[in-house]
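The values are calculated or read from the model by the stated rules, or taken from the named source; none is laboratory data. What you are looking at is a predicted structure, and each value in this text was computed from that prediction instead of being measured. Heads up, the Cβs are rebuilt from the backbone with ideal geometry, glycines too, and the neighbour counts pull from every protein chain shown. SASA here: full protein model, heavy atoms, side chains in, ligands and nucleic acids out. Shrake-Rupley method; radii C 1.70, N 1.55, O 1.52, S 1.80 Å.
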Amino acid sequence: MSFTLIGKHEKDSRANRDGYVTAMLEMMEKDPTVMHVDCDLENCINTGKLAKAFPERTINAGIAEANAVGVSAGLCATGKTVFVHSFGCFASRRAFDQAFMSAAYAKLPVHIVGSDPGVCAAYNGGTHMPFEDCALYLSIPDAVVIDPVDYAQINCLTKKLAASGKFSYMRMIRKAFTTVYADGSDFEIGKGVTLKEGKDVAIIASGIMVDEALKAQEQLAAEGISAKVIDMFTWKPLDEQLIIDSAKECGAIVTAENHQVKCGLGSAIANVVIQNCPVPMEMVGVEDRFGQVGAESFLREEYGLTAAHIVEAAKKAISRK
């Protein structure tokens, strides 16, 4: 694992989805077993490029997500390496039974990609705003669940998933994103990444909350508080040793996620902490609410997904030591 942290809080000029598409094109050129199944969203995800380059290995299953996952499982059973995409709400809630029974239970390594997770759904509104997608997939035995942050990370992890031989679910920011890592950075499934060292509190984040965690670290440092920042992009299998070591080193933990905290990254980390090294913990994320229509900037404030909320949680966790 080798990465270069940029962390300048700057928006990338590219669309994050192209990190996925570029990885798929590279894999499809090298490996004739790699296939992509979509749910009538090629224009939304730019996978029309795959259909143009490899029409015989790109399938549009239409607006029929459960069927798309079933088709993907069937293809996988014949030896294909299959990625299937829809918006996160449909890739989880709509297709969960097929994902569980036809793919995971059958031990078929189908790779499900859900785009626009949480507040990233923005103007598509509450019906399209999954705060529970990872919770569903965390419940599947031996599944891999990933929440990447930017172009470089999703490009790398798409390839790693293809080689993993595991059933997986990966969330994906679809369009605008903040660059955290330089292109070519390498990551390992199941291993968190320590971005900043610190001794007073450990901030463990994923997805869009990684950049917010880095901002919070800077704000805390200005006040004399030393915060460790970890990108826990793999929710399952979780890097338990890194969590335990951080709890021992810092004595307090804050988690940050674009997801329901009671059934997501925060709760998963809490299970590790309480069993191995109980320390004060605060969770930043969605608190038992449905989504709504709005600009992503508004929604981040509305649901408490900002650096300011992380700073507040960090101070509270430290005060409870």
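Those residues that are within 25 Å of residue 22 (Cβ to Cβ), outside any loop (DSSP other than H, G, I, E, B) and over 23 Å from the mean Cα position of the chain (by Cα), I need them from region 52-75; list them, please. Once the filter is applied, which keeps residues that are within 25 Å of residue 22 (Cβ to Cβ), outside any loop (DSSP other than H, G, I, E, B) and over 23 Å from the mean Cα position of the chain (by Cα), region 52-75 yields 52, 53, 55, 56, 57, 58, 59, 60, 71, 75. Filtered by the rule that a residue be within 14 Å of the chain's Cα centre (by Cα), assigned to a helix (DSSP H, G or I) and not aromatic (Phe, Trp, Tyr), region 122-152 gives 133, 134, 135, 136, 138, 152.
The residues of region 255-305 that are small (Gly, Ala, Ser), surrounded by fewer than 17 Cβ atoms within 10 Å (Cβ to Cβ) and in a loop (DSSP other than H, G, I, E, B) amount to a single one, 295.
Being open to solvent by 10 Å² or more (accessible area, probe 1.4 Å) and either of a type in the set (Ser, Thr, Tyr) or farther than 27 Å from residue 181 by Cβ (or both) is the filter here; which residues of region 133-155 pass it? Those that are open to solvent by 10 Å² or more (accessible area, probe 1.4 Å) and either of a type in the set (Ser, Thr, Tyr) or farther than 27 Å from residue 181 by Cβ (or both): 136, 139, 141, 142, 151. Of all the numbered requirements in (1) without any contact (Cβ under 8 Å) to a residue 24 or more places away in the chain; (2) open to solvent by less than 10 Å² (accessible area, probe 1.4 Å), residue 222 misses one, and that requirement is (2). When you scan region 164-176, do you find a residue that is at pLDDT 95 or above, open to solvent by 10 Å² or more (accessible area, probe 1.4 Å) and among the charged types (D, E, K, R), even just one? Within region 164-176 (the criterion being at pLDDT 95 or above, open to solvent by 10 Å² or more (accessible area, probe 1.4 Å) and among the charged types (D, E, K, R)), the answer is yes, since at least one residue qualifies.
Counting only residues that are open to solvent by 10 Å² or more (accessible area, probe 1.4 Å) and either outside any loop (DSSP other than H, G, I, E, B) or under 17 Å from residue 16 (Cβ atoms) (or both), region 186-199 holds 3 of them.
Conditions (1) in a loop (DSSP other than H, G, I, E, B); (2) of a type in the set (Lys, Arg); (3) surrounded by fewer than 24 Cβ atoms within 10 Å (Cβ to Cβ), marked per residue:
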site: 102; (1), (2), (3): no, no, yes
site: 107; (1), (2), (3): yes, yes, yes
site: 157; (1), (2), (3): no, no, no
site: 184; (1), (2), (3): yes, no, yes
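Of all residues in region 1-14, those that are of a type outside the set (A, V, I, L, M, F, W, C) have Cβ atoms under 9 Å from Cβ atoms of residues that are open to solvent by less than 80 Å² (accessible area, probe 1.4 Å) and at pLDDT below 90, 6 or more apart or on another chain, in 11/176; 12/176. In region 246-270, the residues that are of a type in the set (Lys, Arg) reach residues that are open to solvent by 20 Å² or more (accessible area, probe 1.4 Å) with C-beta atoms within less than 6 angstrom, at least six apart or across chains, in these pairs: 248/277. Inside region 200-240, residues that are assigned to a helix (DSSP H, G or I), more than 15 Å from residue 252 (Cβ to Cβ) and either small (Gly, Ala, Ser) or at pLDDT below 95 (or both) make up a count of 2.
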